[in-house]
Every structure is written in structure tokens, then in C-alpha cells.
């Protein structure tokens, strides 16, 4: 599947703003979020950084001893991320995920929020099939409900109810925990995020 900049204004945004987006996100400390996710991933396990942006998290997870694979939809951001994290970042979109039983964990930090609501069930299904049995997915969305466009990008916002409704229609997924945080970037503290850890299968939390 080839998506052009014209087809996807959000992709065009990240291509045009890649350097600024990289500079604004690469140094943000996400350690508290790693802790909640990695508590459910075996040491040294395989992790997919899905929509890796600057490569910040791919590098951090790699330094913690995990085997990391990363992809990013924006070719320019993928190049910047490759240079930053030292991993070959693939250019790929969520609907192009085709791994099977490959990862102990998937890290989708502020990336699934750009997937249209109508596509999220299929994308979650693809993510679920990419996980090993008992694997876990971390995902974050801007807190709210519905779809919107802001500053040239499209967003799908979710709250706890919306996430539960989404997971309910995806076979084999179960929500393990959710929590709400404020944005960790400077001058963005007023923005709230829904964080979730979702498991393949229905293992207890």
C-alpha cells in the first residue's frame, strides 16, 4: 500500500515538520511510562516501537537491554530516527503490519492516535497478531472522544469507555490497565493523555 502526501495530510505534516518535531520530542523523559509497560515484558524481550517518531523510545528501550524493531510512516522522520537510535527504522504504516507471533511487547506511544476510528479495529487486530501469546501493547491517545483535525493533523481521541468499546470488538485482546497523565513536554502540561496496557489473551493483571 502506497500512501502519498496528498492522500494523507497528517503524513504531509510530519514530512514538512520532521526536524521541528524531532527536536521537540527527542529529549522528553518517558521513563515513568516505560516502567508500567516493561513490568509486563520479559527482560531482553522483543519490542516493536510502532510509529517511533524521533526514535527516542527505541533508543531508550534498546539501552535497557531489549531487542527493538522500529517503524515510522514518515520517511524523513524514519531517517532522523535511524540516525538517533542506531537501528534501521522501516518506513511502514499501521495497515502494513504483517508480523506474526513476533514480539513480547509493542510500544505505540502517541502514534495510534492518528489512525482513523474506522481503521482502529483492523490495526489493533494486526498488532495483536504481531504479539507473542501473552504479549502486551502499550498505547496512548489524547484524552477525549471522537475524531478531529488540529493544525493540519487528524486525531482520534479516546477515553476509558472508548478504549473498552474498541477492544471489545478485537478478538483476543483484553485491557489490563489504564491511567491518565499530563503531557510531559514543556508548556503542554494542560493536555491529558489516556495510557493503556492491553494484553493478547486474557491473562490476569
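The values are calculated or read from the model by the stated rules, or taken from the named source; none is laboratory data. Fair warning: this is a prediction, and the values are worked out from it, not measured in the lab. Cβ sites come from the backbone with ideal geometry, for glycine too, and all protein chains shown count toward neighbours.
Of the numbered conditions (1) closer than 22 Å to residue 37 by Cα; (2) surrounded by 23 or more Cβ atoms within 10 Å (Cβ to Cβ), residue 65 satisfies every one except a single condition; which is it?
Just one mismatch for residue 65, condition (2).
Hey, among the residues in the stretch 4-43 that are in a helix (DSSP H, G or I) and touching a helix residue (DSSP H, G or I) at 6+ places or on another chain (Cβ under 7 Å), which one's nearest to residue 149 (Cα to Cα)?
That would be 10.
Determine which member of the set 127, 95, 77 is in contact (Cβ under 8 Å) with a residue 60 or more places away in the chain and within 13 Å of residue 48 (Cβ to Cβ).
Testing whether each residue is in contact (Cβ under 8 Å) with a residue 60 or more places away in the chain and within 13 Å of residue 48 (Cβ to Cβ) leaves just 127.
May I ask you to verify whether residue 95 is at pLDDT below 95, over 23 Å from residue 133 (Cβ atoms), under 15 Å from the mean Cα position of the chain (by Cα) and assigned to a helix (DSSP H, G or I)?
For residue 95, the condition - at pLDDT below 95, over 23 Å from residue 133 (Cβ atoms), under 15 Å from the mean Cα position of the chain (by Cα) and assigned to a helix (DSSP H, G or I) - is not met.
Collect the residues in the stretch 59-73 that are closer than 14 Å to residue 109 by Cα, without any contact (Cβ under 8 Å) to a residue 40 or more places away in the chain and in contact with a strand residue (DSSP E or B) (Cβ under 6 Å, 6 or more places away or on another chain), keeping them in residue-number order.
Result: 70, 71.
Yes or no, residue by residue, for (1) buried (at least 20 other Cβ atoms within 10 Å of the Cβ); (2) assigned to a strand (DSSP E or B):
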{"residue": "80", "(1), (2)": "yes, no"}
{"residue": "83", "(1), (2)": "no, no"}
{"residue": "99", "(1), (2)": "no, no"}
{"residue": "106", "(1), (2)": "yes, yes"}
{"residue": "113", "(1), (2)": "yes, no"}
{"residue": "119", "(1), (2)": "no, no"}
{"residue": "132", "(1), (2)": "no, yes"}
{"residue": "142", "(1), (2)": "no, yes"}
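Conditions first: (1) in contact with a helix residue (DSSP H, G or I) (Cβ under 9 Å, 6 or more places away or on another chain); (2) free of Cβ contacts under 8 Å to residues at least 24 places away in the same chain. Residue 106 passes all but one, so which condition is the exception?
With respect to (1) in contact with a helix residue (DSSP H, G or I) (Cβ under 9 Å, 6 or more places away or on another chain); (2) free of Cβ contacts under 8 Å to residues at least 24 places away in the same chain, residue 106 is out only on (2).
Of all the residues that make up the stretch 146-184, how many are touching a helix residue (DSSP H, G or I) at 6+ places or on another chain (Cβ under 7 Å), modelled with pLDDT under 90 and exposed (fewer than 13 other Cβ atoms within 10 Å of the Cβ)?
Of the residues in that region, 1 qualify.
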